[in-house]
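First comes the structure, then the notes that go with it.
Values quoted throughout were computed directly from the atomic coordinates according to the rules given, and no laboratory measurement underlies them. This is a predicted model, so every value here is computed, not measured. Positions of Cβ are backbone-derived with ideal geometry, glycine not excepted, and every protein chain shown enters the neighbour counts.
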Amino acid sequence: MATIDPRIVRHLKDAQPDLYWLDADPLEPSAHSALFGEVHADLAIVGAGYTGLWTALLAKEKHPDWRVIIIEMRETGAGASGRNGGFCNYSLTHGWTNGKRRFRDEMEVISRLGRENLEAIEETIKRYNIQCNWEWTGELRVAIEPWQLEGMREEADERNRIGDDVEFLDKAAVQARVHSPIYEGGLFDHDGTALVDPARLVWGLEKACLALGVQIFENSQVQWLENLEDAVLLHTAYGFAKAPRVALATNVFPALQKKLKKYVVPVYDYQIVTEPLTKEQLQSIGWSEREGISDSGHQFHYYRLTDDNCIVWGGWDAIYNFRGRVAREYEFRPETYVKLVDHFLKTFPQLEGIKFTHAWGGAIDTCTRFSPFWKLSKDQRVVSVLGYTGLGVAATRFGAQVMLDLLDGEDNERTRLEMVRRKPLPFPPEPFRFFFIQITRWSINRADENGGKRNIWLRTLDRLGLGFDS
């Protein structure tokens, strides 16, 4: 058994295995009854996370006379929507590089739609007075090894040509913004990211939906769908809902369109949070602009300041469990928390001794192209969106909007996108899927240790169009 550095453990000894956002927020989410008996609706949505809530809100704004219901297997926001880091990024493709690799000819349109989507989120937050600590801070992507600087200048030039506002920073400039001895340079995206309190955003969207007449049923798992001549039945343990239109927003949880199971796997991501920084500690690291930060390796960290100046620090490990199991016991992983603290102290050695108060994890739905995809049934009654891969706080609104477009039969700029019309390549079946993912994780780690050089396995995936790089 590996020896754990007692210096690391000392920082974690007071950390609770709890979600920070729930402790930090005095708000209490609304409680909703389970679905009993027979319920009729114009639109039935499965899943009360960001995607489901945005779908309901946009549907009621477009069709005020519709009866819209949401059916949730747990509680509103219980999945990734209530436990993420709160990075609300304009990208719809899990970053510029990933999008350019897969949708080169569409990136100018996709980027513009992403910026419009982020602006619409801010407008919605203001219109419904959602108190979610929205801060449009921008994002700093830092290189912590020289090889990670490759292509950054080119990316900045390309993105600026299509309307982004991106600045390349050399070593001196990036360390002037945030004082870390390991930074080699970076890209600052001035307006491509806002930070939010993810739990408050969930509850704010929930309240907005309720105000428009949306009905939410909790603790009601939809077990199966039944097609009728004029509608779809959504069967739960104690009843069913009947609707001519169904939007599935289940993400990592069991896909009700069975053919989609091969396209998505759940991976677990973990986060830790410090105690509030003192004035002196804040001064020691700079960070006066409060931008969100991520580093640029194949395995990477993301981190940000909260409204009370705690640091949320997450990422690096992405854990897949055999057969894609999703369970609450996987949301706590001490060995990952130790690794996160170790990396934190290498980034900010001046914060040696700081305590961490919370540690938790959650499952992310990922696919082989690292960006959302959609599936509309042949009878155009049931639609799904899946595969956000951890950068979905803002993209979920776009995903919801496209689902409604598809259900309404819209032919527009969104529905004509290749990323909407085409699905990713599927994962292999188990047990090959498990070994495929483990070999890929090992190879990605080796690439980070070897100056970004990709081995034959990763190069083969690149040629097949999988292109795993995080």
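For the reader, a short list of remarks on this structure follows.
- Hull-based mean projected area of the range 344-470, where the convex hull spans the alpha carbons, in square nanometres: 11.7 nm²
- Directionally averaged shadow of the range 88-212, computed from the convex hull of its alpha-carbon atoms, nm²: 8.8 nm²
- Inter-centroid distance (Cα atoms) of the range 247-261 relative to the range 164-192, Å: 39 Å
- Charge-dipole axis of the chain as Lys and Arg at +1 and Asp and Glu at -1 on Cβ define it, positive-most pick from T396, I311, L386: L386
- Straight Cα distances below 20 angstrom link K279 to the lysines K355, with same-chain residues fewer than 8 positions distant left out.
- For the chain, the Kirkwood radius over C-alpha pairs fed into Stokes-Einstein at 37 °C and 0.692 mPa s yields D = 144 µm² per second.
- Packing here is the average count of other Cβ atoms within 10 Å per residue, and on that basis the peptides 197-204, 297-304, highest first, run 197-204, 297-304.
- Per principal axis, descending, Cα span of the range 72-141 in whole Å: 39, 29, 24
- Straight-line reach from K126: taking Cα to Cα under 19 Å and skipping same-chain neighbours fewer than 8 places apart, the aspartates and glutamates in range are E61, E116, E135, D191, D197, E206, D307.
- Taking GluC sites (Glu not before Pro) in DSSP loop states with no more than 15 other Cβ atoms inside 10 Å as exposed sites, the chain has its longest site-free stretch at 1-149.
- Relative contact order (%) - criterion: Cα under 8 Å, at least six apart; region: the chain: 23 percent
- When peptides 85-91, 230-236 are sorted by average Cβ neighbour count within 10 Å, with the highest value leading, the order is 85-91, 230-236.
- The range 158-218 - Debye-derived log10 I(q)/I(0), Cα point model, q = 0.12 Å⁻¹: -0.57
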